[in-house]
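The values are calculated or read from the model by the stated rules, or taken from the named source; none is laboratory data. Quick caveat: nothing in here was measured; it's all calculated off a predicted structure. Cβ coordinates were reconstructed from backbone atoms using ideal geometry, including for glycine residues, and neighbour counts include every protein chain displayed. Only protein heavy atoms, including side chains, enter the accessible area calculation; ligands, DNA and RNA are left aside. Shrake-Rupley method; radii C 1.70, N 1.55, O 1.52, S 1.80 Å.
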Amino acid sequence: MDIAQRFINYTKINTTTHKENGLAGIMPSNPNEMQLASLLEKELKELGLSQIIKRSNSITTALLPANVSNAPRIAFFAHLDTSSEQKNDTKAQITHYEGGDICLNKELDLYLRESEFKELKNYKGDDIIHTDGTSLLGADDKAGIAAIMDMLEFFVKNPSLKHGDIIVGFLPDEEQGLRGAKAFDVKEVNADFGYCLDCCGIGEFIYENWNAADAIVTFQGVSAHPMSAKCKLVNSLILAHQFISMLPRGEAPEYTTEGKEGYFWVKELNGNSAKTILKIDIREFDEEKYNQRIQFLKDLCNSCEKLWGKQSIQIHLSHRYKNVFNALKTKDCLPVKLALKAYENLDIKAKIIPMRGGYDGAVLSEKGLMCPNIFTGAHNFHSIYEYLPLKSLKAASKVLQEIILLASETKA
């Protein structure tokens, strides 16, 4: 199947992640994720793969057995769901781009304007897949799925090409806390290492991302009627604001917006004078600095409790995901070297960037399955202006093919 048509077929299934179902523990959060998993299961069977398993939570895996001995077992992952930023059905269309603006929807006066999206000029002469401006495209991450399936079709059609065991995995609900990856047992696939396809423009390659944690700080006040509140009322809202004022100035997302600068993000504040709950996101690339941020919040809460009295403040800290680099340990590890060599062989300039976010590979790597992140070719994730140059999507599949061919010459 042509990779463009394959991708568009996947976009026709609306797999918008459903946050309320996710919070209730339902997986997949959107039943349509199971519908997409069923379509993939059917296509995997048609390609002749073995050990195809579609689980009740929609996690789907399959194996293309090796035709050469001692090569590494490599797994490739993409996620089934799309962001909840837009929930409308996707109406994908293809424009042959020759420069200027692309009309998404004339009636709504929506355009992909070259003046706003300057990277468009890099794709003159290419076919660009986009929507009618009323939904996301869903290239995050259906472009990743399409590239993986296209790679499988390539090796099925070329059985003389040497390759080790190729494992594929499609996971639900990445868009709300990497839930599918957290539910996935990496021992089931027993791969030596893997790759996710879940980053943007052609050439991007990621092997660093946030260490991430969530903090919930509860402030307990003392209620009193204002007519007799003197020396009795303890206003938990005031305690929360005092706490926020003691966080390091300048270490917030609105100030630290590039590179590897970490932050505390005061994300949500709810309550009244009696009880207030504050939610804070903690992000840091360096593991030592990450632990220091965690300890800072603990120490700050202890100090505030001494000032305000026992039970006046409590903190609950939960780890969300870790930096992939914690598992890779070095940029010279095999999955990184193979990917960069594949880029080089295909004359694709590698753009190595630290990812100021998380992806399924962060969880899989923490579980022992190293998973750097390869581009899908798409731009403007989570936006109605999301678009996918076709040559970039094809390049993503070519990179996977090249990695596998290079790995066939490497002993596990």
**Label assignment, Rg and Dmax of the Cα atoms in Å derived from the structure, set (i) 20.6, 61; (ii) 23.8, 87; (iii) 20.6, 65** = (ii)
**Request:** Pairs of Cα atoms under 8 Å, at least six residues apart: use those to get the relative contact order of region 34-154, whole percent.
**Result:** 26
**Asked** Pairs 19/310; 124/394; 12/54; 54/391: which exceed 28 Å Cα-Cα?
**Response** 19/310; 54/391
**In sequence order, calculated HN-Hα J values of region 105-120 (Karplus, 6.51, -1.76, 1.60; Hz; x Gly/Pro)** = 8, 5, 4, 8, 6, 10, 9, 7, 9, 4, 5, 8, 10, 5, 5, 3
**Surface share of carbon and sulfur [accessible, 1.4 angstrom probe, percent] for region 132-268** = 53
**Asked** In what sequence, largest accessible area first, do 278, 406 appear using a 1.4 Å probe?
**Response** 406, 278
**Asked** In degrees between 0 and 90, to the nearest 10, how far off the longest principal axis of the chain does helix 390-407 point, with axes built from Cα atoms?
**Response** 80
**Request:** Tell me, rounded to the nearest percent, the portion of alpha carbon pairs in region 274-349 spaced more than 18 Å apart.
**Result:** 61
**Fill in**
Most fluctuating of 57, 373, 209 in the GNM of the chain (C-alpha, under 10 Å) is 57
**Asked** Looking at the chain, which longest stretch skips every one of the GluC sites (Glu not before Pro) that is in a DSSP loop with at most 12 other Cβ atoms within 10 Å, leaving the sites themselves out?
**Response** 259-408
**Message:** How large is log10 of I(q)/I(0) for region 354-401 at q = 0.23, 0.28 Å⁻¹ when the intensity is taken from the Debye formula with one equal scatterer per alpha-carbon?
**Reply:** -0.95, -1.02
**Message:** For the chain, take the longest principal axis of its alpha carbons; what is the angle in degrees between that and the long axis of helix 287-308, to the nearest 10 within 0 to 90?
**Reply:** 20
**Relative contact order (%) - the chain, alpha-carbon pairs under 8 angstrom, separation at least six** = 24
**Request:** Report the paramagnetic label zone for residue 272: residues of region 209-249 whose backbone N is under 13 Å from a point 7 Å from Cα along the Cα-to-Cβ axis.
**Result:** 221-226, 236-237
**Complete:** Heavy-atom accessible area with a 1.4 angstrom probe orders 210, 265, most exposed first, as 265, 210
**Complete:** The set of residues whose placed amide H lies less than 5 Å from the amide H of residue 313, leaving out same-chain residues fewer than 5 positions away, is 220
**Complete:** Subtracting the Cα-Cα distance of residue 114 and residue 245 from 0.36 nm times their residue separation yields 43.0 nm
**Prompt:** Across bins of 5 angstrom width beginning at 0, how are the C-alpha pair distances of region 1-77 distributed, in whole percent?
**Reply:** 3, 13, 18, 21, 18, 13, 8, 4, 1, 0
**Item:** Within straight-line cross-link reach of residue 306, lysines at Cα separation under 24 Å, skipping those fewer than 8 residues along the same chain
**Value:** 230, 232, 275, 279, 298
**Message:** Which aspartates and glutamates, if any, have their Cα less than 17 Å from the Cα of residue 121, not counting same-chain residues under 8 positions apart?
**Reply:** 98, 101, 386
**Item:** Inter-centroid distance (Cα atoms) of region 278-316 relative to region 391-412, Å
**Value:** 44
**Asked** Considering the chain as a Gaussian network with a 10 Å cut-off on Cα pairs, which listed residue, 274, 75, 342, attains the greatest mean-square fluctuation?
**Response** 274
**Message:** Filter 45/187; 87/341; 42/187 down to the pairs with a C-alpha to C-alpha distance above 31 Å, please.
**Reply:** 87/341
**Request:** Quick one: compute a quarter of the convex hull surface over the Cα atoms of region 187-337 and quote it in nm².
**Result:** 12.4
**Asked** Under 19 Å Cα-Cα from residue 260, which lysines qualify once same-chain neighbours fewer than 8 residues away are excluded?
**Response** 289, 322, 329, 331, 351
**Asked** What does the charge count near residue 290 come to, summing +1 for each Lys or Arg and -1 for each Asp or Glu among other residues with Cβ under 10 Å from its Cβ?
**Response** 0
**Fill in**
GNM on the chain, Cα springs under 10 Å; top mean-square fluctuation among 201, 221, 180 goes to 221
**Request:** With a 1.4 Å probe and every protein chain left in place, work out the accessible area per residue of the chain in Å², rounded to a whole number.
**Result:** 45
